[in-house]
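The values are calculated or read from the model by the stated rules, or taken from the named source; none is laboratory data. Because the structure is predicted, anything quoted here is derived from the model rather than measured. A quick note on method: Cβ atoms are made from the backbone with ideal geometry, for glycine too, and the neighbour counts reach across all protein chains shown.
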Amino acid sequence: GSMEAARNGKAGSGPSGHAEGPAAKCGAGCLRGCRGFLRRNALVVLTVSGVVAGVALGTAVRGAALSPAQVAYLAFPGELLLRLLRMVILPLVVCSLVSGAASLDTRSLGRLGGIAVAYFLGTTLLASGLAVALGFIIRPGAGAAGLNAPSLTDAVPTSKETVDSFLDLIRNLFPANLVAAAFRTYATDYRMLPRNTTSGNVTWEKIPVGTEVEGMNILGLVLFALVLGVALKKLGQEGEDLIRFFNSFNEATMVVVSWIMWYVPIGIMFLIGSKIVEMEDIVVLVTSLGKYIFASILGHFIHGGIILPLIYFASTRQNPYRFLLGLITPFATAFATCSSSATLPSMIKCIEENNGVDKRISRFILPIGATVNMDGAAIFQCMATVFIAQLNNVDLNAGQIFTILVTATASSVGAAGIPAGGVLTIAIILEAIGLPTNDLSLILAVDWIVDRTTTVVNVEGDALGAGILNYLNEKEKKDKEQELKEVNVEAVANSKSEAETSPLVTHKNQVSNTSSTADPESKESVL
């Protein structure tokens, strides 16, 4: 496939290139390498031009006043893209997690899981802290007080008690019905019931009622898939068949994803174009909420462009920007769809093919990351909370700031990867520190702008986490190999048989010249 061609191209141009082969073979290899390069990057070029074309299309069509029906027709190809991506999510998440959990041995599963949880929590807390700090420096809510226009106050969600939202999170971790979990989520709703008091007048009491809302309960499926994978691993011989079934199901889903990926540029173009046509008086919004938009996007830029790459560099000593360059397609998808779970298919595909991350790691960590790790959302929620506090002239004290950080970190876990899911969690944070939720309509008004960078940062955090775990895993393998080599140094005389027995090389047996695409020298140092 193109992946092999790309590897050959890399091997040919690397320091240990196949210079000794006959000239014709080399020429064919170079040609194949070039073709592989073009094939690898065609999608990136198409996707980026899709974004540009979408902006152009939107601004061109804006002049012609379209009726709502016509706007819906314009958005139709983009809607198809979202439907295709959502269709793949369910089999992808379940199968990749089952096969990922079953293919890692229990010890390294626990170790990687622990590192992943620490990374997710740490980066989310960092993001929240950064957002609160920026909110205090820029003060986005100071000048925007004169905006409470009645035209905006409509779609404010009913606020939930903080306790109930946490209980809902735990309830969703353990779905009562797995089939229903594929399309429904549990959510607490409130009914107002009249209550006669002793003095004769009627008081209304808020009573929590459990309801099911539309939307996949990804958290429950993730947990079940992980547990099932570990259980299959425990079965040993008996579980082999089912593990193989999930592996091939997973591979087939990835093939379907690679087909869907070619539709992404078209879908993105219409998604962005229709969004630009839809939006009302943007000038008013940007002038009044400009500071808030700027502060949020600046926070995303600092976190995604500086802090996360620094963490990656500190952990792996490799260039983070080269790693991110291979992921342009998923980032563009994230930018257009505003949904981190819809970006998951293309992210898994690109991170394995372009960045050479081990399948077992990417398929274990990325589905969990897409549901749990939301750095961008944490930034956006904290910024919005500080913004609303400043709008209402409330000075936040240390206790409230601490509450914001903790609640934002925790609720970014619960906000499943859906567009505009963050607005609900802001309501929870506001409730927790006792601020009115009726200003949320302002945030909803600009949500579609901020949500794009939010999703890109969410997705980037998952990807860099997978890269770090992959590096640590490879390093551990190398250390083990080194120990083995020191023990067997007399037993193995020729390097050929060692190359056959070493687990690292058989894993990448196509090109045994480079043990990993990232560092061609490592192989020479091992042998």
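Below are the figures for this structure:
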quantity	calculated
Matching residues, region 61-85, being out of contact with any Leu (no Cβ under 9 Å at 6 or more places or on another chain), assigned to a helix (DSSP H, G or I) and of a type in the set (A, V, I, L, M, F, W, C)	Ala69, Val71, Ala72, Phe76, Leu80, Leu84
Flag for Ala377 being closer than 16 Å to Val257 by Cβ and either within 13 Å of the chain's Cα centre (by Cα) or at pLDDT 95 or above (or both)	no
Ser49 vs. criteria outside the structural domain of Leu271 (by TED's automatic domain parsing), among the hydroxyl-bearing types (Ser, Thr, Tyr) and either in contact with a Phe, Trp or Tyr (Cβ under 9 Å, 6 or more places away or on another chain) or not in a loop (DSSP other than H, G, I, E, B) (or both)	yes
Out of Gly210, Gly220, Gly236, Gly200, sole residue that is touching a Phe, Trp or Tyr at 6+ places or on another chain (Cβ under 7 Å) and at pLDDT below 90	Gly210
Residue among Thr329, Thr343, Thr333 that is touching a Pro at 6+ places or on another chain (Cβ under 8 Å), assigned to a helix (DSSP H, G or I), closer than 20 Å to Leu46 by Cα and not small (Gly, Ala, Ser)	Thr343
Residues of region 379-412 classified as touching a Ser or Thr at 6+ places or on another chain (Cβ under 8 Å) and closer than 30 Å to Ser99 by Cα, total	3
When residues of region 391-425 are limited to those that are of a type outside the set (A, V, I, L, M, F, W, C) and surrounded by 23 or more Cβ atoms within 10 Å (Cβ to Cβ), the one modelled with the lowest pLDDT	Gly417
Check on Gly58, over 24 Å from the mean Cα position of the chain (by Cα) and at pLDDT below 85	no
Number of the exception - Ile138 against (1) at pLDDT below 95; (2) under 30 Å from Lys477 (Cα atoms); (3) buried (at least 16 other Cβ atoms within 10 Å of the Cβ)	(2)
Residue check, Val213 within 14 Å of Cys95 (Cα to Cα) and either among the hydroxyl-bearing types (Ser, Thr, Tyr) or loosely packed, with under 14 Cβ neighbours inside 10 Å (or both)	no
Test for Ile328: is it of a type outside the set (Gly, Ala, Ser), at pLDDT 95 or above and more than 25 Å from Ala101 (Cβ to Cβ)	no
Pair list, Cβ under 9 Å, 6 or more apart: region 446-457 residue in the same structural domain as Asp375 (by TED's automatic domain parsing), other residue among the basic types (Lys, Arg)	Trp448/Lys275
Some residue of region 394-403 being assigned by TED's automatic domain parsing to the domain that holds Ile268 and within 19 Å of Leu472 (Cβ to Cβ)	no
All positions within region 307-324 that are surrounded by fewer than 16 Cβ atoms within 10 Å (Cβ to Cβ) and either among the charged types (D, E, K, R) or touching an Asp or Glu at 6+ places or on another chain (Cβ under 7 Å) (or both)	Arg317, Arg322
Region 177-214, residues that are within 20 Å of Met87 (Cα to Cα) and free of Cβ contacts under 8 Å to residues at least 12 places away in the same chain	Asn177, Val179
Near pairs, Cβ below 9 angstrom, 6+ apart or cross-chain, from region 255-276 (modelled with pLDDT under 90) to any residue that is small (Gly, Ala, Ser)	Lys275/Gly54; Lys275/Gly58; Lys275/Ala75; Lys275/Gly78; Lys275/Ala336; Ile276/Gly54; Ile276/Gly58
